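The values are calculated or read from the model by the stated rules, or taken from the named source; none is laboratory data. Values in this document were obtained by computation on a predicted structure and should not be read as measured data. When we count neighbours, we look across all protein chains shown, and the Cβ atoms used for this are built from the backbone with ideal geometry, even at glycine. Remember, those area values only see protein heavy atoms, side chains included, never the ligands or the DNA or RNA. Shrake-Rupley method; radii C 1.70, N 1.55, O 1.52, S 1.80 Å.
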Amino acid sequence: MTTILAIETSTEFASAAIISARGRFIRELSGVETHSKGIIPALQSLLAEAGVQLSECDALAFGCGPGAFTGIRTACGIVQGMAFAADLPVLPVVSLRAMAQAASSHAPDSELVCLLDARMGEVYWAQYRNVNGVLSVTAQPELLRLEEGELAGRCASLGAVAVVVGNGIQVPDGFPYPVLSVMPHAREVAELALQDLKHGLAQPATQAQPLYLRNKIALTTAERALKGQV
């Protein structure tokens with residue numbers, strides 16, 4: 001059986017997972033400050049428990065975002081370093097897609113609207129159609145500012161729909177659609193990476209990149225002055 005090692009650090013909840021012939025093995029970390037320090041020991045412990053050498057993996061996968069800038073850079077950098085060391089291919093997996101994968105068994109034959117908190121009053125949004133447990137993308141990830149009531153309005157045109165939310169997303173009382181609370185997790189990153197590997201989507205480590213949807217998160221001093229903020 002194919003062996004996949006995956007990590008997901010796009011939010012404050014970090015995880016690592018291995019899928020192999022021996023089964024599935026998982027490590028979880030909570031708190032953004034633990035990502036850079038904790039993920040390497042977690043991976044070492046995970047490989048030992050699974051009885052797998054890094055060189056025995058068929059590919060390495062990571063949650064490429066969207067999400068916290070530091071988190072997705074951490075995941076990409078660690079996986080690239082390990083891939084170079086072991087001469088392995090890399091599979092970036094969109095974090096919102098991992099959320100949809102986790103929710104798919106709870107909302108069969110539905111349009112899955114996946115939302116993650118992007119801070120500054122914005123959300124990361126993507127849509128996936130779930131048909132018999134198979135996901136297809138119907139709206140690529142984007143950065144949105146949703147005004148009050150706009151989420152329900154957008155969902156109204158989608159037919160059978162479930163809204164999949166991560167931490168920091170508040171859905172108003174009386175919201176007329178099912179809401180599933182799910183965080184991106186390495187378990188689903190590994191599952192999707194296994195599918196992608198079979199479809200020939202693995203990349204050399206040099207090509208692996210985080211998915212950034214917000215190009216700028218702060219204004220320069222000069223830009224603030226022009227806007228009257230200084």
>> Can you list residue pairs whose Cβ atoms sit under 9 Å apart, with the first residue in region 128-155 being in contact (Cβ under 8 Å) with a residue 24 or more places away in the chain and over 30 Å from Ala193 (Cβ atoms) and the second being among the hydrophobic types (A, V, I, L, M, F, W, C) and open to solvent by 50 Å² or more (accessible area, probe 1.4 Å)? Count only pairs 6 or more apart in sequence or on different chains.
In response: Arg145/Met120
>> For a quick check of your reading of the model, give me the residue pairs whose first member lies in region 1-27 and is at pLDDT below 95 and of a type in the set (Asp, Glu), whose second is surrounded by fewer than 24 Cβ atoms within 10 Å (Cβ to Cβ) and in a loop (DSSP other than H, G, I, E, B), with beta-carbon atoms closer than 8 Å and at least 6 apart or on different chains.
In response: Glu12/Gly31; Glu12/Ala68; Glu12/Asn167
> Restricted to region 124-147, and to residues that are among the hydrophobic types (A, V, I, L, M, F, W, C), in contact with a helix residue (DSSP H, G or I) (Cβ under 9 Å, 6 or more places away or on another chain) and more than 17 Å from Glu188 (Cα to Cα), which residue is least open to solvent (accessible area, probe 1.4 Å)?
Replying inline: Trp125
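Go through Pro210, Pro176 for me and flag whichever is surrounded by 19 or more Cβ atoms within 10 Å (Cβ to Cβ), modelled with pLDDT of 85 or more and in a loop (DSSP other than H, G, I, E, B). Walk me through it before giving the result.
Numbers: Pro176 fails: surrounded by 19 or more Cβ atoms within 10 Å (Cβ to Cβ).
Only one candidate qualifies: Pro210.
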> For region 148-170, what are the residues that are open to solvent by less than 50 Å² (accessible area, probe 1.4 Å) and in contact with a Leu (Cβ under 9 Å, 6 or more places away or on another chain)?
Replying inline: Leu151, Val161, Ala162, Val163, Val164, Val165, Gly166, Ile169
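Filter the strands (runs of 3 or more DSSP E) completely within region 1-110 down to those with at least 3 residues that are open to solvent by 10 Å² or more (accessible area, probe 1.4 Å) and not acidic (Asp, Glu). Walk me through it before giving the result.
On the way: elements: 4-8, 13-20, 23-30, 59-65, 90-94.
The strands (runs of 3 or more DSSP E) meeting that bar are 23-30.
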